[in-house]
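Read through the structure below, which is laid out as structure tokens, and then see the notes.
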Amino acid sequence: MLKFLNKKKNDNKGFSLVELIIVVAIMAILVGLLAPQYLKYVEKSRKSADASNLDEMVRAIQIYAADAEVTLPADTYTITIGKGGTTVEAGTATQKVDNEKVAKDALNENAPDWAKTKLKSNKWTVETNSSNATSVSAEITVAQDGGTTVRYTPSTLADYINKTAK
């Protein structure tokens with residue numbers, strides 16, 4: 001019986017051309033069906049990365065505003081992530097430079113590489129004209145008592161952060 005199992009075929013020359021063509025055709029069909037799904041998942045991960053980066057920066061400002069040992073002046077701060085990098089602006093014209101410096105210090109303390117963060121997704125849509133946005137931003141209003149409110153632009157960004165846009 002062992003001799004029967006050890007016997008090899010002498011005419012085994014590999015796959016035929018028809019068999020290889022069928023395998024290649026099946027692979028092409030699978031790639032054609034799965035490639036759009038793969039691209040959709042890649043874009044979703046880029047959007048999630050943008051939302052996560054912006055949310056981390058917003059939390060850094062919120063933590064700094066709530067800290068009793070430091071003072072973040074009451075103002076409106078705007079964090080914008082674009083293709084060229086991230087910017088922080090303060091709303092008050094009289095103390096704008098000082099407030100921006102304090103906000104940047106807060107980001108440096110809690111989100112070290114914030115300035116190098118760039119927008120990854122090109123698919124953020126602006127609701128007013130349904131074109132693609134070149135940046136995402138968060139407007140953080142800091143009250144005198146350290147309380148904060150956040151408004152995201154575009155508003156679809158709030159869905160990725162699991163908060164409601166205000």
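Numbers at a glance
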{"item": "Conditions (1) without any contact (Cβ under 8 Å) to a residue 12 or more places away in the chain; (2) loosely packed, with under 13 Cβ neighbours inside 10 Å; (3) polar (S, T, N, Q); number of the one not met by Thr149", "result": "(1)"}
{"item": "Which listed residue, of Val31, Val70, Val24, is modelled with pLDDT under 90, β-branched (Val, Ile, Thr) and more than 19 Å from Thr153 (Cα to Cα)", "result": "Val70"}
{"item": "Hits in the range 90-114 (condition: over 18 Å from Ala74 (Cβ atoms) and surrounded by fewer than 16 Cβ atoms within 10 Å (Cβ to Cβ))", "result": "Asn108, Glu109, Pro112, Asp113"}
{"item": "Conditions (1) surrounded by fewer than 21 Cβ atoms within 10 Å (Cβ to Cβ); (2) touching a helix residue (DSSP H, G or I) at 6+ places or on another chain (Cβ under 8 Å); number of the one not met by Ala74", "result": "(2)"}
{"item": "Test: Thr86 is without any contact (Cβ under 8 Å) to a residue 40 or more places away in the chain, closer than 19 Å to Tyr160 by Cβ, loosely packed, with under 15 Cβ neighbours inside 10 Å and of a type in the set (Ser, Thr, Tyr)", "result": "no"}
{"item": "Selected residue (criterion: farthest from Ser121 (Cα to Cα)) from residues of the range 30-46 that are among the aliphatic types (A, V, I, L, M) and surrounded by 10 or more Cβ atoms within 10 Å (Cβ to Cβ)", "result": "Leu30"}
{"item": "So Ser131, is it at pLDDT below 85 and touching a Ser or Thr at 6+ places or on another chain (Cβ under 8 Å)", "result": "yes"}
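The values are calculated or read from the model by the stated rules, or taken from the named source; none is laboratory data. Values in this document were obtained by computation on a predicted structure and should not be read as measured data. Counting neighbours? That spans all protein chains shown, and the Cβs are built from the backbone with ideal geometry, glycine included.
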